[in-house]
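The structure appears right after this line, and notes come after that.
The values are calculated or read from the model by the stated rules, or taken from the named source; none is laboratory data. In this text, all values refer to a predicted model and were calculated from it rather than measured experimentally. As a convention, Cβ positions derive from the backbone with ideal geometry for all residues, glycine included, and neighbour counts pool all protein chains shown. SASA here: full protein model, heavy atoms, side chains in, ligands and nucleic acids out. Shrake-Rupley method; radii C 1.70, N 1.55, O 1.52, S 1.80 Å.
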Amino acid sequence: MSAGLPAALGFSTVAAAVSRLAAEARNDSTVPGEKMTVLIVGSTALDSIRTPGGERDRLLGGSASYAAVAASYFAPVRMVGVVGDDFPSRYLALYRRRGIDLTGLQRQRGTTFHWAGEYEANMNRRRTLRTELGVFEHFRPDLPSDYRHTPMVLLGNIAPALQQHVLDQMERPRWVAADTMDLWLQTARQDLLRLLRRVDLFILNDSEAAELTGELNVVAGLPRLHALGPRFVIVKKGEHGAILSGPGGLFVTPAYPLRRVVDPTGAGDTFAGALMGFLAVSRGDWETRLRRAMVYGAVVASFCCEGFGLTRLSRLDRKAIEARVAQLKRMTRF
Ligand code: AMP
């Protein structure tokens, strides 16, 4: 027994305490009482969306908007993005209603990033009709100084060079997750590869995984994704759920089965945001937390798909989320 330990403590008590501390150090558990705030960077957009069921013009959108609102159901959120002077104040009010810290949201002269997309009949295929960058073109995500110590970082979908710029400003974050999209695999692959060496968790969808690894079978492609740097990889498979790969092996979660999908825009960002929010406030080893967080991600993403833009996502509460988590649990128990 090492010097300095009170002699009155029995060996088993000390051994238990030591092994608990060692387990905590190994697993990087949440320190009790620590506020696990999530910093989220990404696009803040106005989206025009056309589905077989209808169309909406200039709704609130962008990867950061979906992820931040989703994460806000679980943890305190700081958002980093840029909007133009055409950005409706009702959308700022929506962020505020969700308690999102907007110190890092830049407001610039010019137009907000505008994305327009159209879905085919089965909703699994989407075509981008227009991308107008506006103030997003010269966006530099410089962080307010009090953001730099945020423990959890979600690098939502934006150019990988900007995701790296955010990471460069952070002071030893405890957990870094990065999302991406096919555009960056084609136009900024080297930047993305550099970024991946620095992240704990890489989230991408199955077609992006195939493009990045050259392997059509997701499971066969996983070792190649780990070889790029991340200890944990999640491959999203749309309505077929998501698969996690980490040191403890594989874990799969289904998507929550929906009778009707109104608009799947932002479902991936929502999944990532809810996952990070849950991860931030949960305890235990990363692997166990991640598995549960994926289920919460899948459930919150299902709500996202039930309305255009953020209309359904922004009007949730924990009770509705927990009810669906319980349903999903019943559906998958065997
Ligand atoms: P998802 O459906 O998860 O792929 O996310 C859709 C969101 O991504 C929309 O709200 C768009 O505003 C946003 N988006 C589309 N293209 C880009 C882009 N090039 N960079 C960043 N965000 C984008």
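Brief remarks on what is shown
- For THR187 and ASP285, a Förster radius of 30 Å and the Cβ-Cβ distance give a FRET efficiency of 0.20, rounded to the nearest 0.05.
- Cα pair distances in the stretch 123-281, grouped into 5 Å bins until the bin that holds the longest one, percent each: 2, 8, 17, 22, 21, 16, 10, 5, 1, 0
- Pairwise FRET efficiency - ASP57 versus GLN106, Cβ, R0 = 22 Å, nearest 0.05: 0.35
- The stretch 116-215 - accessible surface per residue (Å², probe 1.4 Å): 48 Å²
- Dipole magnitude (debye, nearest 20) for the chain, charges at Cβ of Lys, Arg, Asp, Glu: 900 debye
- Think of it as helices only: each DSSP H run of n ≥ 4 in the chain is worth -39500 (n - 2.57), and spread over all residues that comes to -11500 deg cm²/dmol at 222 nm.
- Extended-chain gain in nm, criterion 0.36 nm per residue less alpha-carbon gap, ARG318 and LEU228: 28.8 nm
- Residues whose placed amide H lies under 5 Å from that of LEU39, excluding near-sequence neighbours: ARG78, MET152, VAL153, LEU154
- With a Förster radius of 41 Å applied to the C-beta separation of HIS138 and GLU215, the computed FRET efficiency comes to 0.65.
- The listed peptides 142-150, 76-84, 276-284, ordered by packing as a protection proxy, come out as 76-84, 276-284, 142-150 (highest mean of other Cβ atoms within 10 Å first).
- Comparing Cα centroids, the stretch 87-153 and the stretch 281-321 end up 20 angstrom apart.
- DSSP H segments from the chain that extend 15 Å or more along their own axis, Cα-based, with Kyte-Doolittle mean of 0.0 or above: 11-27, 267-281, 286-304
- Neighbourhood net charge (13 Å Cβ-Cβ; Lys/Arg +1, Asp/Glu -1) for LEU275: +1
- Each peptide in 243-252, 192-201 receives the mean, over its residues, of other Cβ atoms within 10 Å, and ordering these scores from highest gives 192-201, 243-252.
- Surface share of carbon and sulfur [accessible, 1.4 angstrom probe, percent] for the stretch 260-317: 47 percent
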